[in-house]
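The values are calculated or read from the model by the stated rules, or taken from the named source; none is laboratory data. Computed from a prediction, not measured in an experiment: that's the story for all the values here. Using ideal geometry, Cβ is built from the backbone for each residue, glycine included, and neighbour counts are taken over all protein chains shown. Surface areas here come from the heavy atoms of the whole protein model, side chains and all, with no ligands, DNA or RNA. Shrake-Rupley method; radii C 1.70, N 1.55, O 1.52, S 1.80 Å.
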Amino acid sequence: MTETNVSAVDEFTLMNMAQAVRRAGVLCAGLDLDVFDTMAAGPADPETIAAQLGAPLRGIRVLLRALAAIRLLQTDGERFWLSPGADRVLVRSSPGYFGDLLRLAVSRYEWEAMGRLSEAVRQGGTVLDTNAETPGYGFWEDLARNPTPHTPPVADLLAETLAPWATGRERLDILDVACGHGLYGYTVAQRYPQARVRSVDWANVLEYSRGHAERLGVLDRVELTPGDMFEVPLDGPYDLSLITNVLHHFSPERAGEMLSRLAQVTRPGGRIGIVAITADGRDPASDPVPHLFAALMLGLTHEGESHPLETYQDILAGAGFGEPRLHQLPGVPLRLLLAERI
């Protein structure tokens, strides 16, 4: 059905979309070259900035003007300075520094995938030789090092939602496969002193998992296990199995295989926790994140996408888990599903 109150697509709308890559490129160049850190001292002319950064004047002059064009800098025509608020989020020494996460959001991995999306559409999956399913994929190190801003509140939501079941248990054995940064399991362990966490991921990723466990004060209750989650022995049994932000890399059939594997090592009456970006049946324009994310998965994986809630219900049931309960926070695209092992 055509909505009469929807703005018509025009040339200006399309050009604005097309220029997003330029804006992102200018932002990333500013971050990579430490422009914002250098300008934290106050207004300066291009010659001064070029000298401080050790870069040719022409390149710095073009970059400063481009940063002013996207309103990250201000200028009087001769000198440049940080726009209001930029010192808080773009200067590395600020407690609110957001640059690492921005760099993650526009990483070269996504640029490569989206730059070849038309090829992926024609093939039905990634055309990249190195992709999200490649062992030791470098992007996972970046993500483990710098969890997204949505991760801590969803980890807190997980720990809080488990309270009626977890509180008072003599022991809480947790398995966290494809753990990445590990914050979901470690946040639960931080809240429940009886918890022990086994973190499974690639060896290059677990280096960063260890750092987060140490920072949260739970490293002495964490076992780090390197390997492929489909192949590494999982042992068990566990009271809680976690699989977060990874099932969307696979087809429903392959995801179901992983859930069946987890069911085998989860105690009856135990729980499984899934964190994922899921489509919920709304019009894509009113809930764009899962659909844009699905396009990224098309570019980065062979069969992955943002699975709808109904798919998770089906594959959980097929693996031996009960009906999942959905938990989410306003404005956060990550959704938490908790189900009981039957």
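For the reader, a short list of remarks on this structure follows.
- In the chain, the longest principal axis of the Cα atoms and the axis of helix 252-265 are about 50 degrees apart.
- For PRO308, the shell of other residues with beta-carbons less than 13 Å away shows a net charge of -3, using +1 for Lys and Arg and -1 for Asp and Glu.
- Summing charges over neighbours of GLY281, with a neighbour being any other residue whose Cβ is under 14 Å away from its Cβ, gives -2 when K and R count +1 and D and E count -1.
- Using alpha carbons only: equivalent-ellipsoid semi-axes of the chain, gyration tensor based, whole Å: 40, 25, 18
- Convex hull volume of the range 152-221 per residue (C-alpha atoms, cubic angstrom): 73 Å³
- For the range 45-199, a crude dipole built from +1 on the beta carbon of Lys and Arg and -1 on the beta carbon of Asp and Glu, taken about the Cα centre, is about 100 debye to the nearest 20.
- Relative to the longest principal axis of the Cα atoms of the chain, the long axis of helix 288-300 makes an angle of roughly 90 degrees.
- Rolling a 1.4 Å probe over the protein heavy atoms leaves SER83 with an accessible area of roughly 10 Å².
- Secondary-structure-derived ellipticity at 222 nm for the chain, considering helices only, amounts to -13000 deg cm²/dmol, per-run term -39500 (n - 2.57) for DSSP H runs with n ≥ 4.
- Kirkwood Rh, angstrom, the range 88-137 [1 / mean 1/r, Cα pairs]: 12.8 Å
- For the chain, the share of DSSP beta bridges that are antiparallel, to the nearest 5, is 40%.
- Relative protection proxy for 60-71, 270-281, from highest mean packing down: 270-281, 60-71 (other beta-carbon atoms within 10 angstrom).
- Farthest toward positive dipole pole in the range 3-97 [+1 Lys/Arg, -1 Asp/Glu at C-beta], among GLY25, GLY77, ALA51: ALA51
- Counting only alpha carbon atoms, the long axis of helix 151-161 and the longest principal axis of the chain meet at about 30°.
- Compactness of the range 104-237 was expressed as the Cα radius of gyration divided by 2.2 N^0.38 Å, which yields 1.20.
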